[in-house]
Amino acid sequence: MRLLIMIPMLLSALYGDFITTDEYAKMLYKNPRGIGCDKCHGEHGEGMVISIYVKDGKEYELKAPRINNISMKKFLAAFKKRSDLMPEYYLTTEEKAHLYYYLTKDSKKENSDEN
Ligand code: HEC
């Protein structure tokens, strides 16, 4: 009898969610089967300078834009168009939704901290 009671507990320990949605979404952002989004767009999608180059004696910054304050439509569109700078990813709709969740969740937090 005691064993029967333990079975669901064992099953949930074996197959249950080991990580939360938040953890999963963050993991995906840093390791989306390719170079991590954070390497170019910053830790929380705040955008960052990827590199600085000099052309004709003038300094230019190569930037990855801020992506934690854009619409879902704009976010998804970025995966459809070809870019010279951003790598191509093969992510499922669910994965993209998690990435968007991760980014906008943090952006809301940041904004509320500021205000
Ligand atoms: C090698 C650097 C690099 C990596 C890695 C990268 N991006 Fe980008 N991304 C860019 C650059 C640069 C742009 C600006 C548009 C362009 O040049 O294509 C951009 C544009 C975008 C845009 C469009 C922003 C807008 O305002 O329209 C989104 C959304 C985006 N990236 C999301 C992601 C996500 C999510 C990941 C990870 C799965 C990622 N990027 C990985 C460099 C990168």
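For the reader, a short list of remarks on this structure follows.
- Scanning the stretch 52-86 for residues that are of a type in the set (G, A, S) and within 22 Å of N31 (Cβ to Cβ) turns up A64, A78, S83.
- Whichever residue in the stretch 72-107 is surrounded by 12 or more Cβ atoms within 10 Å (Cβ to Cβ) and among the polar types (S, T, N, Q) and, among such residues, is farthest from E46 (Cα to Cα): T104
- Test: residue in the stretch 39-51 that is assigned to a helix (DSSP H, G or I) and touching a Gly at 6+ places or on another chain (Cβ under 7 Å): yes
- Any pair with Cβ under 8 angstrom, 6 or more apart, that starts in the stretch 33-58 at a residue that is more than 26 Å from T92 (Cα to Cα) and aliphatic (A, V, I, L, M) and ends at one that is open to solvent by 100 Å² or more (accessible area, probe 1.4 Å) and away from the ligand (no atom under 13 Å from the Cβ): I52/E59
- Of all positions in the stretch 105-112, none carries a residue that is at pLDDT 95 or above, at negative phi and part of a helix (DSSP H, G or I).
- Residue within the stretch 92-104 that is assigned to a loop (DSSP other than H, G, I, E, B), more than 10 Å from the ligand (Cβ to nearest atom) and either modelled with pLDDT under 95 or among the β-branched types (V, I, T) (or both) present: yes
- Filter pass, L62 being within 9 Å of the ligand (Cβ to nearest atom), loosely packed, with under 13 Cβ neighbours inside 10 Å and part of a strand (DSSP E or B): yes
- Filtered residue count, the stretch 63-84, keeping only those that are free of Cβ contacts under 8 Å to residues at least 40 places away in the same chain and touching a Leu at 6+ places or on another chain (Cβ under 9 Å): 6
- D84 being at pLDDT 95 or above and not hydrophobic (A, V, I, L, M, F, W, C): no
The values are calculated or read from the model by the stated rules, or taken from the named source; none is laboratory data. This is a predicted model, so every value here is computed, not measured. Heads up, the Cβs are rebuilt from the backbone with ideal geometry, glycines too, and the neighbour counts pull from every protein chain shown. All accessible areas refer to the heavy atoms of the entire protein, side chains included, with ligands and DNA or RNA removed. Shrake-Rupley method; radii C 1.70, N 1.55, O 1.52, S 1.80 Å.
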